[in-house]
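Read the structure below first, then the notes.
The values are calculated or read from the model by the stated rules, or taken from the named source; none is laboratory data. In this text the structure is predicted, and so the values were computed from the model without any measurement. Don't worry about glycine lacking a Cβ; one is built from the backbone with ideal geometry, like all the others, and counts go over all protein chains shown. Just the protein is used for accessible areas: all its heavy atoms, side chains included, with ligands, DNA and RNA removed. Shrake-Rupley method; radii C 1.70, N 1.55, O 1.52, S 1.80 Å.
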Amino acid sequence: MKINEIFYSLQGEGFLAGVPSTFVRLAGCPLRCKWCDTKYAWDETKAAHYSIDKIVKTVDNWPCRFVVITGGEPMINPDLTIKHDLPELVHKLKNSGKHITIETAGIAFVPDLACDLMSISPKLSNSVPADPKLVAAHENSRLDLSVLRELIDHYNYQLKFVVDLQDDLPQIQQTIEEIGNVDLEKVMLMPQATTRNELLAKSPMVAEMCKRTGFAFCNRLQVLLWNSKRGT
Ligand code: SF4
């Protein structure tokens, strides 16, 4: 599998924020969100090739039960065998007693994943790339309602929406309505921020939005504590 990095830190986002976790970051992502905080993971040609056993062995370097498989976009690894490799990786990690979270934009469905938590972050129009040449491809693939429905039907999940502006709320509510069957207690709103200053500036606006809607506030501890330094 194409690996960008494996490291130990705290889970920064979602309902498990603050839990010490080992991160397995797969390389590659077909989206090019303008505020992406892991652009260094886009280029799979710079990734290292790891066997599944090597990933499991590396993860075991840290005495930690919680594992986060992230990206890039881990459900669309450039390796075409992802539909076999990802379930096998999750299965082997699970067999070694790990709790597995998979972080995805929700643009591809992979069945038979023994994961404990599917952390889905559907992309809104606020993520459209700055480069006009990338806009059409991004717009065509950033949101797939049928994939989102499959993910929430098959896995325990959380839905994290990235909020950039007040005006994002109607789009979030419309997306939830269109997906249908969403457990509203699993919805989180997270400020769009790649720096500590940006996070502190936008958090009060998102907090008020959460109080109005009842959705949970989603922090970004990796930004707050380490200002998005790589490997955190
Ligand atoms: S989907 Fe995630 S990894 Fe891919 S470009 Fe968007 S924010 Fe970055």
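List the trypsin sites (Lys or Arg not before Pro) in region 38-74 that DSSP assigns to loop (not H, G, I, E or B) and whose Cβ has at most 14 other Cβ atoms within 10 Å. Which are they? Loop-located and lightly packed - ARG65. Computed with a 1.4 Å probe on the full set of protein chains, the accessible area for VAL187 sits at about 0 Å². Unpaired Cys in the chain, meaning no second Cys C-beta under 4.7 Å: CYS29, CYS64, CYS115, CYS210, CYS218. With no solvent and one equal point scatterer per Cα, compute the Debye intensity ratio I(q)/I(0) for region 1-64 at 0.11 Å⁻¹ and report its log10, rounded to two decimals. Here log10 of I(q) over I(0) equals -0.30. Here the Kirkwood formula puts the hydrodynamic radius of region 72-220 at 16.5 Å, using every distinct Cα pair. For the chain, the 222 nm mean residue ellipticity estimated from helices alone, with every DSSP H stretch of n ≥ 4 adding -39500 (n - 2.57) and the total spread over all residues, rounds to -10000 deg cm²/dmol. Rounded to the nearest 20 debye, the dipole size of region 54-169 about its Cα centre is 460 debye, using +1 on the Cβ of Lys and Arg and -1 on the Cβ of Asp and Glu.
Counting only Cβ charges, +1 for Lys and Arg and -1 for Asp and Glu, the dipole size of the chain around its Cα centre is about 700 debye.
Computed from Cα atoms alone, the Kirkwood hydrodynamic radius reported for region 93-175 is 14.1 Å.
Mean separation of Cα pairs under 8 Å and 6 or more residues apart, divided by the residue count, gives region 1-93 a relative contact order of 37 percent. Taking 32 Å as the limit for the C-alpha separation, the pairs LYS34/LYS57; LYS34/LYS211; LYS92/LYS123; LYS133/LYS186; LYS94/LYS123; LYS133/LYS202 exceed it in the case of LYS34/LYS57; LYS133/LYS186.
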